[in-house]
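*Asks:* Below is a structure I'd like to ask you about.
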Amino acid sequence: MAARNPTDKTLGESLRERGVSRRGFLKFCAATASMMALPPSMAPAIAAALEQAKRPSVIWLSFQECTGCTESLTRSHAPTLEDLILDVISLDYHHTLQAAAGDAAEHAREQAMAANPGEYLVIVDGSIPGPDSNPGYSTVAGHSNYAMLMETVENAAAVIAVGTCATFGGLPGANPNPTGAMSVMDLVKDKPVINVSGCPPIPMVITGVIAHYLTFGRLPELDAYNRPMAFFGQSIHDRCYRRPFYDKGLFAKTFDDEGARLGWCLYELGCKGPTTYNACATMRWNDGTSWPVEAGHPCLGCSEPRFWDAGGFYNTVSVPTSASGVNVLAAGAAGAIVGGAVAALAKKQTKTAVAHRQPVTVEELEAKL
Amino acid sequence: MSELTLEQGRAQSQDAPKASELTLERGLAAFRAEVDGPVAAFFSSCVHCGICAQACPFYLETGDPKYTPILKLEPLRRVWENDFTLWGKIKGLFGLNHKVTDAMLAEWEELLYDSCSMCGRCSMVCPVGNDLALMIRKSREGMVQAGHAPEGLIAASVRAIQTGSPMGLQWKTLAVQINHVETSSGLKVPVDQPGAEYLVLLSSMEIINFPEYLEAITKIFDHAGVTWTLSTECFEATNAGIQIGNKDIAAQLVERVVAAAETLKVPKVISPECGHAFTAIRWEGPNLIGRPYPFKVFHIIEVLDELRASGRLKTEGMETDRLSMHDPCNLARKSGVIQQQRNLMGLVAENFVELKEHGKFQWCCGAGGGVSSNERAEPLKMAAFKRKKAQIEEVSPERMVTMCATCRTQLEEGLEEFNMEIPVVGLTEMIAEHLVEKN
Ligand code: SF4
Ligand code: SF4
Ligand code: SF4
Ligand code: SF4
């Protein structure tokens, strides 16, 4: 795609030109408000702000990644990629999506940077071989990823790191990390960096963050890992519809046993829901169709730091990570044994115990004084 | 007994006169009754990282590893391992399991009661999401039934049931306070008014130590045109049953509040300015009595912030002192009431400085969870307070503000103990002092 001049039109104009109805637009604003846990009364304010907003220039850089994050984004439904991303923002440069190639493509990036100094957003997917790595590990148009990132962010308003590779190093950064891969926040220290983690991230979270930025002119509230609280504020486990089974101690033991068929909790099959912060359980995937735990698979914890090094997918959370020292290793071995035995939680026993519980009277207490 | 079926055996033991003694057997049975899915999952998922210790003021300020939160749960953990896990049963066959004995419970009494304020900071930091404070609460159920609760808490529970107040206060004491308030404010304190919007509950601590609280709400509600009432049937909502860890006593105390609110047909109930009272009545209550309330429960801070937001709270003048604030654990960390008190501070304080860790990360004052009703725990309570003291020193405020009578008492005592001349004020009282005069 050729570079457009983002100062041309407001979003409202541009959307209407594309045939997006006012109603459709308001619906999107209401969805955005609820996504970001804002009161519904905010929807008109969002609409008003977005209508007037200029399409910000966005430069999308892809480094060491699998293109899963872009795939995820192009499968976003509400709003669709076309309606929102290509129109609401002015996507001036995107390795994967742009039609231009070679020189023309690189010029598009330079032009966007020169036209909007201090105002453009940089979105990054993929991790970056650090400054001490061989620059040849990953290059685009002859520039090392590191050089390109640093040059591009220099005059950016903010950087959005998309996907676990860009936010925490991800698969390229996994042990033994041959390319010395680093995350965006490891490298960019003097610009706001917002992390939308996930392998891949939820598409509506990406659009939600952009909409928030356009509406309020600032980035949303972030957690300790720079992730937007509105989406990463609660664990998968807090919002999991299998939670009542967890609370009752009803765990599927294999993927095809009676418990699995009855929809019991997947904790013992390795579910990382209790330690994973993401919005899957509430927003779900594929236009709200389903999400991994609903499809019968434990959460892998893809949106957390050290995702690939944090132990086996099918080990229960009691089995700790392998890489943080001898003590934890030893504890892990013990944890695995005990973890195996949690299966034996005798529900009948608890029930009997509860049924036979003897109430305490104040006289009994008084006798103790 | 070998010829009897299990059913017959059970029937027989039910016919036998009820043991009216708190024994180890009863304690173990109560521990077993508390082992549920979360408890099993928590114990099996602990990775022994010790991070919970770093969150606990009792461990940090004493440096004694026995105060590590997860260790405090050892009796419950053993019951779980021995009776509920395959591994424990195998160990049992070989006589290798560690039984819970009366001596062990006697030793753990200090760990479960004196060195834990159930502040929930450890629960918040555990990397695998173990709710340690919940398990302390559950363990105390077993401790009470085994006869290993501290005397101070037993006495408070007995008084709460017998007189309606853990400190043994009676309505006539409150009536005297009401009289004072009416004389000094010229306003009427409504009592037993059916159909009022709010039923206001107090804690004995407020009635005795901080009578200015009652005067403050009398003035504020008059100013904002809010209808409210006290109830002679039930004026106290602190819950000694929760603190000692017994659901039977706790449920009886909750029932009293429900009965009073039902008699007066109030749609809203205001908890005392006591953190534990608030979580007891707001969160545990309906579960304890097994049915939903016909009313809603609020902390006074939530009510005041609503009045502020709707423009019914008109204030004038500002405190110019450098003020800082202590967030009560039960209000901020456990109930999410964090922004409200800051909104209210914004109304009346122009020089407000946050403690470094505040809101849901704040440090416990050290007195909650029954620690303050347990005389024996006094030295530990003061030790834990050193965390708060260090925080306060960091920002050196001229006064501290808080909104829980127990925290406030602890702050006052602690600051005095360490010769720090920093007065402590209640937020509600401070708001009342700034109300715009009616003409
Ligand atoms: S399936 Fe996973 S997220 Fe859901 S309740 Fe079980 S452990 Fe928690
Ligand atoms: S369910 Fe877990 S592993 Fe799956 S996408 Fe969501 S956070 Fe990632
Ligand atoms: S913080 Fe959690 S996992 Fe670590 S020792 Fe404490 S209870 Fe166990
Ligand atoms: S609840 Fe608070 S006082 Fe109790 S063990 Fe945890 S951190 Fe310590």
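Taken together, the values in this text are just the output of simple stated rules run on the coordinates, not laboratory data. It should be emphasised that the depicted structure is a prediction, and the values quoted were computed from it without experimental measurement. Here the Cβ positions follow ideal geometry from the backbone for every residue, glycine too, while neighbour counts run over all protein chains shown.
*Asks:* Could you work out the helix-only [θ] at 222 nm for chain B, with each DSSP H run of four or more residues adding -39,500 (n - 2.57) and the total divided by the number of residues, to the nearest 500 deg cm²/dmol?
*Replies:* Details: 24 runs with 229 residues, N = 439.
Counting only the DSSP helices, I get -15000 deg cm²/dmol.
*Asks:* Moving on to the next point. Taking the Cα centroid of the stretch A:126-198 and of the stretch A:261-283, what is the distance between the two, rounded to the nearest whole Å?
*Replies:* Going from one Cα centre to the other spans 30 Å.
*Asks:* Right, next: Take the alpha-carbon positions of the stretch B:39-104, form their convex hull, and give its projected area averaged over all directions (one quarter of the hull surface) in nm².
*Replies:* Taking the Cα atoms of the stretch B:39-104, their convex hull projects to 5.2 nm² on average.
*Asks:* Count the DSSP beta bridges whose two residues both fall in the protein assembly as shown, then state the antiparallel fraction as a percent rounded to the nearest 5.
*Replies:* On the way: 10 of 48 bridges.
Here the antiparallel bridges make up roughly 20 percent for the protein assembly as shown.
*Asks:* What are the extents of the Cα atoms of the stretch B:24-149 along their three principal axes, listed from largest to smallest and rounded to whole Å?
*Replies:* 40, 30, 23
*Asks:* Here is a follow-up. Hey, in the GNM for chain B with a 10 angstrom Cα cutoff, which one of B:139, B:372, B:184 fluctuates hardest?
*Replies:* B:184
*Asks:* Here's another thing I want to ask about it. Net charge within 11 Å of residue A:162 by Cβ-Cβ distance, Lys/Arg positive one each and Asp/Glu negative one each, not counting residue A:162 itself?
*Replies:* Numbers: positive: none; negative: A:65, A:125.
Value of the local net charge: -2.
*Asks:* Sticking with this structure for a sec: What distance in nm lies between label points placed 7 Å from Cα along the C-beta direction at residue B:342 and residue B:64?
*Replies:* The answer from the label model is 3.7 nm.
*Asks:* Ok, one more. Lys and Arg at +1, Asp and Glu at -1: add these up for the other residues within a Cβ distance under 13 Å of residue B:357 and post the number.
*Replies:* Working: positive: B:121, B:333, B:356, B:360, B:387, B:388; negative: B:327, B:354, B:394.
Result for the neighbourhood of residue B:357: +3.
*Asks:* When only Cα pairs under 8 Å and 6 or more residues apart are kept, what is the percent relative contact order across the stretch B:148-266?
*Replies:* Reported as a whole number, the value is 32 percent.
*Asks:* Using a Förster distance of 22 Å, how high is the FRET efficiency between residue A:356 and residue B:89, based on the Cβ-Cβ distance and rounded to 0.05? Before the final figure, lay out the partial values.
*Replies:* Working: r = 20 Å, r/R0 = 0.91.
Given R0 = 22 Å and the Cβ-Cβ separation, E is 0.65.
*Asks:* Another question, if that's okay. So how far, in whole Å, is the C-alpha centre of the stretch B:229-286 from the one of the stretch B:370-419?
*Replies:* Taking the Cα centre of the stretch B:370-419 as reference, the centre of the stretch B:229-286 is 26 Å away.
*Asks:* How big is the shadow of the Cα convex hull of the stretch B:245-354, averaged over all directions, in nm²?
*Replies:* Values: hull surface 32.5 nm².
Orientation-averaged projected area of the Cα hull: 8.1 nm².
*Asks:* Sticking with this one: Residue farthest toward the positive end of the dipole of the stretch B:195-254, with Cβ of Lys/Arg at +1 and Asp/Glu at -1: which of B:238, B:200, B:216?
*Replies:* Highest projection toward the positive end goes to B:238.
*Asks:* Moving on. Going by C-beta contacts inside 10 Å, put B:358, A:143, A:212, B:276 in order with the fewest on the left. Walk me through the numbers before you get to the answer.
*Replies:* Values: B:358 17, A:143 14, A:212 22, B:276 28.
Fewest-to-most ranking of B:358, A:143, A:212, B:276: A:143, B:358, A:212, B:276.
*Asks:* A further question on this structure: Round to a whole angstrom and tell me the spacing of the C-alpha centers of the stretch A:231-252 and the stretch B:150-195.
*Replies:* Here the two parts' Cα centres lie 42 Å apart.
*Asks:* To make sure I understand, if each residue's beta carbon is the centre and we count other beta carbons within 10 Å, what order do A:294, A:65, B:25 fall in, fewest to most? Can you show the working numbers first?
*Replies:* Numbers: A:294 16, A:65 24, B:25 13.
Listing A:294, A:65, B:25 from fewest to most nearby Cβ atoms yields B:25, A:294, A:65.
*Asks:* In vacuo Debye scattering of the stretch A:55-228, one point per C-alpha: log10 I(q)/I(0) at q = 0.08, 0.19, 0.20 Å⁻¹?
*Replies:* Relative scattering, expressed as log10 I(q)/I(0), comes to -0.21, -1.34, -1.50.
*Asks:* Also, quick follow-up: Given R₀ = 51 Å, FRET efficiency for residue B:233-residue B:104 by Cβ-Cβ distance, to 0.05?
*Replies:* Details: r = 43 Å, r/R0 = 0.84.
Rounded to the nearest 0.05, the efficiency is 0.75.
*Asks:* Right, something else. How long are the semi-axes of the equivalent ellipsoid of chain B, taking √(5λ) for every eigenvalue λ of the Cα gyration tensor, in whole Å from largest down?
*Replies:* Numbers: eigenvalues 329, 143, 62 Å².
Calculated on Cα positions only, the semi-axes equal 41, 27, 18 Å.
*Asks:* Can you put B:102, A:190, B:36 in order of Cβ neighbours within 10 angstrom, beginning with the fewest? It would help to have the intermediate numbers written out before the result.
*Replies:* Values: B:102 13, A:190 7, B:36 17.
So the ranking, lowest neighbour count to highest, is A:190, B:102, B:36.
*Asks:* To continue, here is another question. Considering every pair of different Cα atoms, what Kirkwood radius, in Å, is found for the stretch B:314-434?
*Replies:* 14.5 Å is the Kirkwood radius here.
*Asks:* Once the piece of chain linking residue A:257 and residue A:286 is laid out straight, how much longer is it, given 0.36 nm per residue of separation minus the C-alpha distance between them? Before the final figure, lay out each step's value.
*Replies:* Numbers: separation 29, 0.36 × 29 = 10.44 nm, distance 2.74 nm.
Taking residue A:257 through residue A:286 to full extension adds about 7.7 nm, to one decimal.
*Asks:* Now for a separate question. Would the stretch A:234-323 count as rounded, prolate or oblate if I go by the C-alpha gyration tensor, calling it rounded below 1.5 in a/c and otherwise prolate when a/b exceeds b/c, oblate otherwise? Write out the running numbers ahead of the final one.
*Replies:* Details: a/c = 1.70, a/b = 1.12, b/c = 1.52.
Taking the square roots of the gyration eigenvalues as a ≥ b ≥ c, the stretch A:234-323 is oblate.
*Asks:* Among B:145, B:162, B:391, which one shows the highest mean-square fluctuation when chain B is modelled as a Gaussian network with alpha-carbon springs under 10 Å?
*Replies:* B:162
*Asks:* Next question, about the same structure. Based on the alpha carbon coordinates of the stretch B:150-217, what radius of gyration and maximum Cα-Cα distance (Dmax) apply, in Å?
*Replies:* Computed over the Cα atoms of the stretch B:150-217, radius of gyration and Dmax are 13.7, 44 Å.
*Asks:* Please express the shape of the protein assembly as shown as an equivalent ellipsoid: the semi-axes are the square roots of 5 times the eigenvalues of the C-alpha gyration tensor, given largest first in whole angstrom.
*Replies:* Working: eigenvalues 503, 271, 115 Å².
Over the Cα atoms of the protein assembly as shown, the semi-axes work out to 50, 37, 24 Å.
*Asks:* Continuing with this model, one more query. What Kirkwood hydrodynamic radius do you get for the stretch B:160-278 when you take the inverse of the mean 1/r over all pairs of distinct Cα atoms, in Å?
*Replies:* Roughly 14.4 Å, rounded to one decimal.
*Asks:* I've got another one for you. Which cross-chain or sequence-distant (5 or more) residues have an amide H under 5 Å from the amide H of residue A:158, H modelled 1.01 Å from N in plane?
*Replies:* A:122
*Asks:* So for chain B, averaging the separation of alpha carbon pairs under 8 Å that are six or more residues apart and normalising by length, what relative contact order in percent results?
*Replies:* Numbers: 732 pairs, mean separation 70.5, N = 439.
With pairs under 8 Å counted, the relative contact order is 16 percent.
*Asks:* If each residue of separation counts as 0.36 nm, what is the full-extension length gain between residue B:417 and residue B:54 once their alpha-carbon separation is subtracted?
*Replies:* Working: separation 363, 0.36 × 363 = 130.68 nm, distance 2.49 nm.
Stretched fully, the residue B:417-residue B:54 segment lengthens by 128.2 nm.
*Asks:* Once the other residues with Cβ under 14 Å from the Cβ of residue A:125 are scored (Lys, Arg +1; Asp, Glu -1), what is the net sum?
*Replies:* Working: positive: none; negative: A:65, A:71.
Charge balance in the 14 Å sphere: -2.
*Asks:* Trypsin sites (Lys or Arg not before Pro), restricted to the stretch B:382-439: which are DSSP loop and have at most 13 other Cβ atoms within 10 Å?
*Replies:* Sparse-neighbourhood loop trypsin sites (Lys or Arg not before Pro): B:438.
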